[in-house]
1. With the alpha-carbon atoms as the only input, what is the per residue convex hull volume for region 1-111 in Å³?
2. Taking K and R as +1 and D and E as -1, what net charge do the other residues with C-beta under 13 Å from the C-beta of R139 add up to?
3. Given contacts defined as C-alpha pairs under 8 Å and at least six residues apart, what's the relative contact order of the chain, whole-number percent?
4. Taking the square root of 5 times each eigenvalue of the Cα gyration tensor, what semi-axes in Å does the equivalent ellipsoid of region 118-198 have, largest first?
5. If we sort 55-61, 81-87 on the protection proxy, mean other Cβ atoms within 10 Å, highest first, what's the order?
6. Expressed as a whole percentage, what fraction of the accessible surface of the chain belongs to carbon and sulfur atoms when a 1.4 Å probe is rolled over the protein heavy atoms?
7. Among (i) 43, 39, 37; (ii) 67, 41, 28; (iii) 45, 43, 34, which is the computed Cα extents along the principal axes in Å?
8. Would you look at the GNM of the chain, springs on alpha carbons closer than 10 Å, and say which of Q175, Q46, Q80 moves the most?
Amino acid sequence: MTTYGFLLFDDAEELDVVGPWEVITASSMLCVSQGGEQDTTVMVAQRPEPVRCAKGMGVMPHRTFADCPPLDVVVVPGGQGTRTEAGNDALLSWLAAAGETAEWITSVCTGSLLLVASGVATGRRVATHWGFEDTLAERGDCTVVRDARWVRDGNVVTSQGVSAGIDMALWLIGQIHEPAHARAVQRYLQYEPAPPYQ
């Protein structure tokens, strides 16, 4: 059984949370249907109150920093809120501590800023939203990779903007289980991107 923790904060980008959440919970559902164990997935925030995401969606955390169980996988979303949270010592301290024990620590979009600011991804190769690449690179304490949907550097996995988090989560499920299982999750979700105005 794997325990996944999704970090929440005000102005987090909705799909950065919900996209990987859907992949990971669908994976757990398929595992259970085949006689395996159910994974644990929790939303974690600094306080127990609902979090208002970037486009207005409200999300209720399951746990706070104070009572969060040990996590095997941490998922950090992006969004405008990352700029504020990059100065939140409580959040950065929690993230640094979680990163010391987690098997995988991941981010979507500008969530990579929080990984770098907490020290988890300092000196690492990271991906982020295309509109934030120059800003993150100017920090000088990470190497921004501009041509990959997601980037793995050790146990740190970062992805580009919004929808790239779904790709990253599917890749991660393939690492935790096996690629065939990740393909089954993708098929169950009917995840076949086909934008109409390419």
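The values are calculated or read from the model by the stated rules, or taken from the named source; none is laboratory data. Because the structure is a prediction, the values reported are computed rather than measured. With ideal geometry, Cβ positions are generated from the backbone for all residues, glycine too; neighbour counts draw on all protein chains shown. Side chains included, ligands, DNA and RNA excluded: accessible areas come from the protein's heavy atoms. Shrake-Rupley method; radii C 1.70, N 1.55, O 1.52, S 1.80 Å.
1. In region 1-111, the Cα hull volume divided by residue count equals 91 Å³.
2. Residues near R139 contribute -2 overall.
3. 21 percent
4. Those come to 26, 17, 7 Å.
5. Values: 55-61: 13.0, 81-87: 18.0.
So the peptides 55-61, 81-87, ranked by packing, come out 81-87, 55-61.
6. Percent of accessible area from carbon and sulfur atoms in the chain: 49.
7. Working out Cα extents along the principal axes in Å from the coordinates points to (iii).
8. Greatest mean-square fluctuation among the candidates belongs to Q175.
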